[in-house]
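Participant: Here it is, the structure, as structure tokens.
The values are calculated or read from the model by the stated rules, or taken from the named source; none is laboratory data. Model, not experiment: these values are computed from the prediction. A quick note on method: Cβ atoms are made from the backbone with ideal geometry, for glycine too, and the neighbour counts reach across all protein chains shown. All accessible areas refer to the heavy atoms of the entire protein, side chains included, with ligands and DNA or RNA removed. Shrake-Rupley method; radii C 1.70, N 1.55, O 1.52, S 1.80 Å.
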Amino acid sequence: MKVEPNEHRAAMNIAPGIHRIGTNSIVNSYLIEEAGEVTIIDAGVPGYFDDIPRELEAMGVTVGDVRALVLTHGHGDHIGYAERMRRENKVPVFVHEADAALARGDVPNPAKGLGPFRLAPLIGFFWFSLRNGASRTPQVKEVTAYGDGATLDVPGSPRVTLVPGHTPGSAALHVASLDALFVGDAFCTYAVTTGRRGPQVAPFTADADQAIASLSRLDDLAAGHVLPGHGDEWTGGVAEAIRQVRSAGR
Ligand SMILES: [Zn+2]
Ligand SMILES: [Zn+2]
């Protein structure tokens, strides 16, 4: 198959104002743009840093237009290039107050091990992580903590809903102007450990029962673009995604 030069770039354009970094959806980092200014939502793996200038250029902006980097939670595969962006580009990094210590590396990961897995997707995930420098992810030295219900004063004005379970400070970020809900690992649409697709509890979840119960906090939200930390965009509506997570169970 002949690969067109722009093929992978086009694949990262989710919707006007929403781009995703990464040539696949194993680990997602999103760029959102509003009025020429940019917020990054989750920083994936360190190797994505080099993709940012080209991706911003495709959006008609530059690194100097990035105003904030907002983490959905404090796990390493979301922190990725955050510290480098903070240090080199003076971009403030936001995280829920209950995950601030996790993002700084002051407390251990609350996840209880691997859970069920299949070898092929798991090896794929670890190989991808290794190639992209995940084992050397720097913790974020300084974070700005946000709280439940906050509307962040950054491009896109994401509104925070705390959905604890995956981690204590896991948050969903609703960007109404872009019709988008960034769920982090509150649920995923691709399990990196089993290869299973569709809305489901994410691997490395600290408390799966709490994670499922927390999703009722998203019941009243509507979004055409539901964007998880792992897996493809979900366009079937928030309510249907939650129904599928519940029916898949823990
Ligand atoms: Zn996570
Ligand atoms: Zn994750």
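Participant: Whether any residue in segment 149-171 is within 16 Å of ligand 1 (Cβ to nearest atom), within 18 Å of Leu69 (Cβ to Cβ) and in a strand (DSSP E or B) is what I want to check. I'd like the intermediate steps shown before the answer.
Facilitator: The first filter runs over segment 149-171 and keeps only residues within 16 Å of ligand 1 (Cβ to nearest atom), leaving 162-171.
Narrowing further to those that are within 18 Å of Leu69 (Cβ to Cβ): 167, 169-171.
If we keep only those that are in a strand (DSSP E or B) as well, we get 171.
Yes, segment 149-171 has at least one match.
Participant: Right, another one. Kindly provide the set of residues from segment 58-83 that are more than 17 Å from the chain's Cα centre (by Cα), in a helix (DSSP H, G or I) and either at pLDDT 95 or above or within 16 Å of ligand 2 (Cβ to nearest atom) (or both), ordered by number.
Facilitator: Val63, Gly64, Asp65
Participant: Out of segment 121-138, which residues are surrounded by fewer than 17 Cβ atoms within 10 Å (Cβ to Cβ) and more than 14 Å from Val27 (Cβ to Cβ)?
Facilitator: Residues of segment 121-138 surrounded by fewer than 17 Cβ atoms within 10 Å (Cβ to Cβ): 123-124, 126-127, 130-131, 133, 135-136.
Across segment 121-138, the qualifying residues are Ile123, Arg136.
Participant: Of all residues in segment 184-216, count the ones that are more than 18 Å from the chain's Cα centre (by Cα) and within 11 Å of ligand 2 (Cβ to nearest atom).
Facilitator: Residues flagged as more than 18 Å from the chain's Cα centre (by Cα) and within 11 Å of ligand 2 (Cβ to nearest atom) within segment 184-216 amount to 0.
Participant: Right, something else. For residues that are touching a residue at least 40 places away in the same chain (Cβ under 8 Å) and more than 18 Å from the chain's Cα centre (by Cα), scanning just segment 139-167, find the one that is least open to solvent (accessible area, probe 1.4 Å).
Facilitator: Glu142
Participant: Give the residue, chosen from Asp185, Asp209, Asp220, that is away from ligand 1 (no atom under 16 Å from the Cβ), within 30 Å of Glu37 (Cβ to Cβ) and charged (D, E, K, R).
Facilitator: Details: Asp185 fails: away from ligand 1 (no atom under 16 Å from the Cβ); Asp209 fails: within 30 Å of Glu37 (Cβ to Cβ).
Step by step, each of Asp185, Asp209, Asp220 is checked, and only Asp220 is away from ligand 1 (no atom under 16 Å from the Cβ), within 30 Å of Glu37 (Cβ to Cβ) and charged (D, E, K, R).
Participant: Further question on the same structure: Please verify whether Asp42 is at positive phi, touching a residue at least 12 places away in the same chain (Cβ under 8 Å) and out of contact with any Asp or Glu (no Cβ under 8 Å at 6 or more places or on another chain), treating the condition exactly as stated.
Facilitator: Values: at positive phi: yes; touching a residue at least 12 places away in the same chain (Cβ under 8 Å): yes; out of contact with any Asp or Glu (no Cβ under 8 Å at 6 or more places or on another chain): yes.
So Asp42 fits the description; yes.
Participant: Hey, could you check segment 168-180 for residues that are within 16 Å of ligand 2 (Cβ to nearest atom) and surrounded by 24 or more Cβ atoms within 10 Å (Cβ to Cβ) and say which is farthest from Phe117 (Cα to Cα)? I'd like the intermediate steps shown before the answer.
Facilitator: We begin by selecting, within segment 168-180, every residue within 16 Å of ligand 2 (Cβ to nearest atom); these are 168-173.
Those still in the list that are surrounded by 24 or more Cβ atoms within 10 Å (Cβ to Cβ) too: 169-173.
On the way: Gly169: 25, Ser170: 23, Ala171: 25, Ala172: 26, Leu173: 29 Å.
So the residue we want is Leu173.
Participant: Follow-up question, since we're still on this one. May I ask you to verify whether Phe187 is open to solvent by less than 20 Å² (accessible area, probe 1.4 Å), more than 20 Å from Val143 (Cβ to Cβ) and at pLDDT 95 or above? Don't jump to the end; show me each part of the working.
Facilitator: Details: open to solvent by less than 20 Å² (accessible area, probe 1.4 Å): yes; more than 20 Å from Val143 (Cβ to Cβ): yes; at pLDDT 95 or above: yes.
The answer is yes for Phe187.
Condition check ((1) at pLDDT below 95; (2) surrounded by fewer than 13 Cβ atoms within 10 Å (Cβ to Cβ)) across all residues:
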| site | (1), (2) |
| --- | --- |
| Lys90 | no, yes |
| Val93 | no, no |
| Leu102 | no, no |
| Gly105 | no, no |
| Pro110 | yes, no |
| Gly113 | yes, yes |
| Pro116 | yes, yes |
| Leu119 | no, yes |
